[in-house]
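Asks: Attaching a single structure in structure tokens format; questions to follow.
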Amino acid sequence: MSYIDNCDWSTCTLCGECLMRCPVMEMDKDEAKSEIGCLLKGARAPCIQ
Ligand code: SF4
């Protein structure tokens, strides 16, 4: 079972905090919100490939 299968993604508020706080990704708020939105739609996220 993968990480993504262990989370209830329907509760995600698309706040972007997870990507903003990541010391590797170093995203600003607008970018993080956009990226998590893409990921949850199953779309390719421009900065996370
Ligand atoms: S965007 Fe990230 S931190 Fe915000 S609710 Fe969704 S998974 Fe959690």
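Asks: Quick one: if you stick a label point 7 Å off each Cα along the C-beta vector at Ala43 and Lys29, how many nm between them?
Replies: 2.2 nm
Asks: Relative contact order of the chain, please, whole-number percent, based on alpha carbon pairs below 8 angstrom and at least 6 residues apart.
Replies: Across the chain, relative contact order equals 27 percent.
Asks: While we're here: Quick one: pull the percentage of alpha-carbon pairs in the chain with a separation above 16 Å.
Replies: For the chain, the fraction of Cα-Cα distances above 16 Å is 39 percent.
Asks: Another question, then. What angle, in degrees between 0 and 90 and rounded to the nearest 10, separates the Cα long axis of helix 29-41 from the longest principal axis of the Cα atoms of the chain?
Replies: In the chain, helix 29-41 runs at an angle near 30 degrees to the longest axis.
Asks: Also, quick follow-up: Ranked by Cβ crowding within 10 angstrom, fewest neighbours first, how are Ile36, Ile4 ordered?
Replies: Values: Ile36 23, Ile4 9.
The most exposed by this proxy come first: Ile4, Ile36.
Asks: Please give the calculated 222 nm ellipticity per residue for the chain, where each DSSP H segment of at least 4 residues contributes -39500 (n - 2.57) and the sum is spread over every residue; nearest 500 deg cm²/dmol? Before the final figure, lay out the partial values.
Replies: On the way: 2 runs with 17 residues, N = 49.
Result for the chain: -9500 deg cm²/dmol, rounded to the nearest 500.
Laboratory data are not the source of any read-out in this text; all were calculated from the coordinates shown. Computed from a prediction, not measured in an experiment: that's the story for all the values here. Glycine also receives a Cβ, built like all others from the backbone with ideal geometry; neighbour counts cover every protein chain displayed.
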